[in-house]
Structure formats: structure tokens, C-alpha cells
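The values are calculated or read from the model by the stated rules, or taken from the named source; none is laboratory data. Everything numeric in this text was worked out from a predicted model, so none of it was measured. Don't worry about glycine lacking a Cβ; one is built from the backbone with ideal geometry, like all the others, and counts go over all protein chains shown.
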Amino acid sequence: MKKLLLILFLTISVIAKGQYYSIDTIPYNPEAYSGTNVSIGGNSYSQMIPLGFQFCFYGYKYDSVRIGSNGLVSFESNDEYNSNCTWTIQDTPLPDAFSAVIPTVGIFFPWQDLDPSLGGNITWSSYGVAPYRTFVVSFDNVPMDSCSKVFKGQAKLFETTNIIETHIAIKDTCLHWNKGRAAHGLQGPPIYPLPSSPPFAYGDFISGRNYPDAVWTATNDGIRFTPQVDVCSPLSVDEIISDQNVFKLYPIPFTQTATLEFENSKNENCSLTIYNLLGEEVRSINDITADKVIIERQNLSTGLYFFRLATGSRTKAKGKFIIE
């Protein structure tokens, strides 16, 4: 388990230090507000709904989602973080290291206090053909809790490109809940750098639409979240490594040098190979018999790189890093 957590840390945290998604304003262009109806009450989630394809979100692959009543699309299938869809936005910017009030891993489009038991419709639908299908979650005139106003908006998930879009027709405010706050963006799964360390939170939220920003409204609003790197590529760190090896790479990201530490009590002869995003080998360091190796920037440009530490044909460590 320690090994798996550290592999996931190397897989994801290299991106978490900076913005993973680019965020762009686009024209309001929703699909039809129709599809399969979802019946959920206030502060609750639907059952898991199949996407019909695999979707990469912060380096993890998902094939289903559940819909939260408070403007959420969740990739979590259980109640590890919350058994209900909470509405309380506390005095902290998102992303948050998963305190008891953070609702889920997923899409907040936006997270606000809604009550679908009072009216409106929540639906999901799918359009297109493989490998470019689109999964859509729609909130159509869903009432805000204890308020005469409604929310109408939509989240789109695009197959293959892993792009996310939100389209908001009407986003108003009710000042007596959360002081009118609403959080618009994405939150990834928490990272545990070491088994005994507190979780590290990461995500991408829209400037001006997060705490402590001013109360905001939107009409006919379109936002696109585009992944800047493909961390679900065939070179992703999803290989099961044979030996129970605990390793760490620091600092992440780095500008000149980084240190990779790993278990090598038998002083095995290891080699470290570095690849660019195209899978091309850009550097090899051989004859490593110690339990650490220094990675020097030298002529490597700014960007994301993959690495594989091996002894013979056996992989000892595999991950990614960013050079700033």
C-alpha cells in the first residue's frame, strides 16, 4: 500500500504544483436540457451512472459518475469523503485537503446550495459515436434552497480529449446560504506524499468564482477546462512494480536538479531512463549502485517528463516529473 501511494504521488503531484487544466471562456453552447431523469433530494447523490467510455481526470481513469444535488459531478463511488452531498462552503479557498465539508472529487459547476426536491429536472445524456462521445449532466431550473431563484446549467465530458465544459444559463444568488458563495472548478483526489503525512489538495478553480471572492452571478456563460498534459497516456505510472520498493523524488517540480531516492540495500546495478511526452528517450544514467541518483536539468527544456528506474528488465520505480 505504501508503494502504491508513493507511485500515485509521483504520478499526480508533479502536476498539482501548477495548474493542470487551462481554463478558457467559450460561447454558451449547451446540449438539449433533456435525457434520462435523475431523482435525488436535497443534499444527496444519485447512484453511479456509466459514462460509456473511460475518462481521464487528474491522471485517474473513470468509467462512471454520480450526480450531486448541489451542482456536482462526482467521480467517487463510495462515501469515503462524504455520504451526502454537503452544501457548507467554509472560509477557505478550494481546493481543500478534504476536510469533512468538502463534497467530492469531481466537477463543481458550480457547487452551491440547491434543492431538487422542490422542482426542476436533473438529467444525463450521451451524444456522438466512439471515440468522440460526449456525456452531459443537466440541471434545468432547479430551485436554490429556501429561495425563489433557480439554477440552470450543464456539464459536458468529452471522450478521448478529456476536455470538460460547463455551460450556465442562469446562476443567481441567495445570500442567506453560504453568504451567497458558489465554487466553480475542478477538484482532484487527495495526495498522501507519505503514509503518515496529511493529504495534499489540488484542483483548478476559476478566478473570481472561489472563496474569498465576491458573490458572483452568470448568464449564458461557457467555460472550457482543457488538460495541459496527458497523464493517462500509455506511459502513465500504472505498472505494477514487482518489488516492495518505497521511493521518493524531490523537489517537485525542479529547476536545476532533483534527487530520486529508492531502496537498494543489495547495491544492484540500476539504470535511469528519461522520456519526453512523445515517448522519446532524452537521457539515460547507467551504473547506479547507490540508493539515490541526482537528476540534472542540463539541456532539458521546461515541461513534463517520464522516468523509469530499472535493474536489468525489472522496473524498480516509474513516474513523472516537471522541470520549471
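Against the conditions (1) at pLDDT below 95; (2) at positive phi, residue 220 satisfies every one except (1). Please verify whether segment 162-179 includes one or more residues that are in contact (Cβ under 8 Å) with a residue 40 or more places away in the chain, surrounded by fewer than 19 Cβ atoms within 10 Å (Cβ to Cβ) and outside any loop (DSSP other than H, G, I, E, B). Yes, that holds for at least one residue.
Return a yes/no flag: does segment 277-300 have any residue that is at pLDDT 90 or above, buried (at least 16 other Cβ atoms within 10 Å of the Cβ) and closer than 13 Å to residue 253 by Cα. Yes, the conditions are met somewhere in segment 277-300. Considered as a group, the residues in segment 185-213 that are surrounded by fewer than 17 Cβ atoms within 10 Å (Cβ to Cβ) and either under 19 Å from residue 71 (Cβ atoms) or β-branched (Val, Ile, Thr) (or both) include one that is modelled with the lowest pLDDT, and that residue is 213. Suppose the filter is buried (at least 16 other Cβ atoms within 10 Å of the Cβ), in contact (Cβ under 8 Å) with a residue 12 or more places away in the chain and not hydroxyl-bearing (Ser, Thr, Tyr); does residue 272 pass it? So residue 272 passes the test. Of all residues in segment 18-27, one or more are at pLDDT below 95, surrounded by 15 or more Cβ atoms within 10 Å (Cβ to Cβ) and of a type in the set (Ser, Thr, Tyr).
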